[in-house]
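The next block holds one structure in the form of structure tokens; read it before the comments.
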Amino acid sequence: MTTIDLVYFNAGGGHRAAVQALQETAQEQGRPWTLRPVNLVRVLDPGASFQRLTGFEPEDYYNLRLRRGWTAGLAHELKLLQGLIRLAHRPMLAALRRHWLASRPDLVVSVVPNFNRVLAESVQAAGNGLPFVTVMTDLADHPPRFWIEPRVQQHLVCGTPRAAEQARAAGVPASRLHHVSGMVLRPAFHHPQALDRRAERAALGLDPDRPVAAVMFGGHGSRQMLKIARALGDVQLVLLCGHNSALQAELAAMRRAAPHVALGFTQNVPRVLQLADVFVGKPGPGSISEAVQLGLPVLTFENASTLPQERYNVQWLRELGLGLAVGSLRELPGAMAELLQRLPQYQARVRWVDNRGAAEVLQVFDELLRSRRAPAAAAAIAEALPA
């Protein structure tokens, strides 16, 4: 059985979601592969010494920042993180090489940024022609040293023309550059469920005949959703709070002019989004791609609190005419009114997007696995031939 290791971590929910999407798509296609999730933090810190020392996981601080909306200044902290990664390069390289030698995968895939140099070098150090692929889970790179590492043996999968252009400009050779049509999404987003929207809206306490906006800020929610719910007081809302039960309770108790419902963590986000007409949230690459895939125009934010790696996403939305962005909560009601007034035009633009990214990424894996097997098969045939 062919084994593919998928390297992720839990800073935000998008990296783990990409792993799940690849696993489910491979299963749907009947691929004869085992796709193993590999938590990078667990490989680098198998004894959880960081957690024992501090009382929390390395990713927890980042996720807390997202929940609280404390995202301003992260660009400077990113530089500090990258400096620490360079300082710890040698011990991380040794730990990762030991892991690949022990686990013996046929292909190593990264869906995380910042660590791709050490991942690529560790795979190469493990020998035996083991290929390494980075699947970008952002719409564009945030150079330097975020996703693209042209000086190492890194196959790079890009989901937008902008990311591919950045890779070529950085010196990634064409033989290691793979352009797909979008972000990796779970099959459920590609196969909308049959449902009675009016009946399901009514079951949630919403008026079936009025527009509904879905509000989501990742799997950990954000207190920004409280401000959005107040700013859009006359718009019906479905608020997806993820694992943030305190936020869910606070939103559920809120009094507003229009009906709203606050939901906790659910694996059935596609079904919930199908009940809405528009999507409101931060410009995360996964969430806006999910919304667009299900036909929802996007209303998002662009200001000092926007994560540095997500700033291009707003430009992508504008260039394709898929939604609007505001700089502050004061602008939100007017932008929502404009979006709803021109909803058919925006929906037509959204339907134009054709994202087959997950299936295309698996095809890249298949081609790399075949290329790796070809020399071994040729050597076996040569050895079997009579002298």
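Overview of values
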| item | result |
| --- | --- |
| Residue that is over 23 Å from W33 (Cβ atoms) and either buried (at least 24 other Cβ atoms within 10 Å of the Cβ) or not assigned by TED's automatic domain parsing to the domain that holds N313 (or both), where the choices are R104, R151 | R151 |
| Helices (runs of 4 or more DSSP H) wholly inside the range 15-117 that include at least 3 residues being polar (S, T, N, Q) and either farther than 23 Å from F146 by Cα or at pLDDT below 80 (or both) | 49-54 |
| Of all residues making up the range 207-219, the number that are out of contact with any Asp or Glu (no Cβ under 7 Å at 6 or more places or on another chain) and surrounded by fewer than 22 Cβ atoms within 10 Å (Cβ to Cβ) | 4 |
| Filter result (at pLDDT 95 or above and among the charged types (D, E, K, R)) within the range 210-236 | R210, K227, R230, D234 |
| E367 vs. criteria within 23 Å of I4 (Cβ to Cβ) and surrounded by fewer than 15 Cβ atoms within 10 Å (Cβ to Cβ) | yes |
| Options E310, E360, E383: the member that is modelled with pLDDT under 95 and under 28 Å from the mean Cα position of the chain (by Cα) | E310 |
| So A231, is it surrounded by fewer than 22 Cβ atoms within 10 Å (Cβ to Cβ), under 25 Å from Y8 (Cα atoms) and in contact (Cβ under 8 Å) with a residue 24 or more places away in the chain | no |
| Extreme residue, farthest from the chain's Cα centre (by Cα), among residues of the range 154-168 that are in contact (Cβ under 8 Å) with a residue 24 or more places away in the chain and closer than 19 Å to L317 by Cα | Q166 |
| Among (1) touching a strand residue (DSSP E or B) at 6+ places or on another chain (Cβ under 8 Å); (2) crowded, with 22+ Cβ neighbours inside 10 Å - the single one D138 does not satisfy | (1) |
| Cross-chain or 6+ apart pairs with Cβ under 6 Å, the range 237-263 first and within 20 Å of P211 (Cβ to Cβ) and at pLDDT 95 or above, then polar (S, T, N, Q) and surrounded by 16 or more Cβ atoms within 10 Å (Cβ to Cβ) | A258/Q236; P259/Q236; A262/Q248 |
| Residue check, L368 over 16 Å from the mean Cα position of the chain (by Cα), at pLDDT 95 or above and over 30 Å from T34 (Cα atoms) | no |
| Count of the range 169-193 residues which are surrounded by 15 or more Cβ atoms within 10 Å (Cβ to Cβ) and without any contact (Cβ under 8 Å) to a residue 24 or more places away in the chain | 3 |
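The values are calculated or read from the model by the stated rules, or taken from the named source; none is laboratory data. These figures come from a predicted structure and were not determined experimentally. Counting neighbours? That spans all protein chains shown, and the Cβs are built from the backbone with ideal geometry, glycine included.
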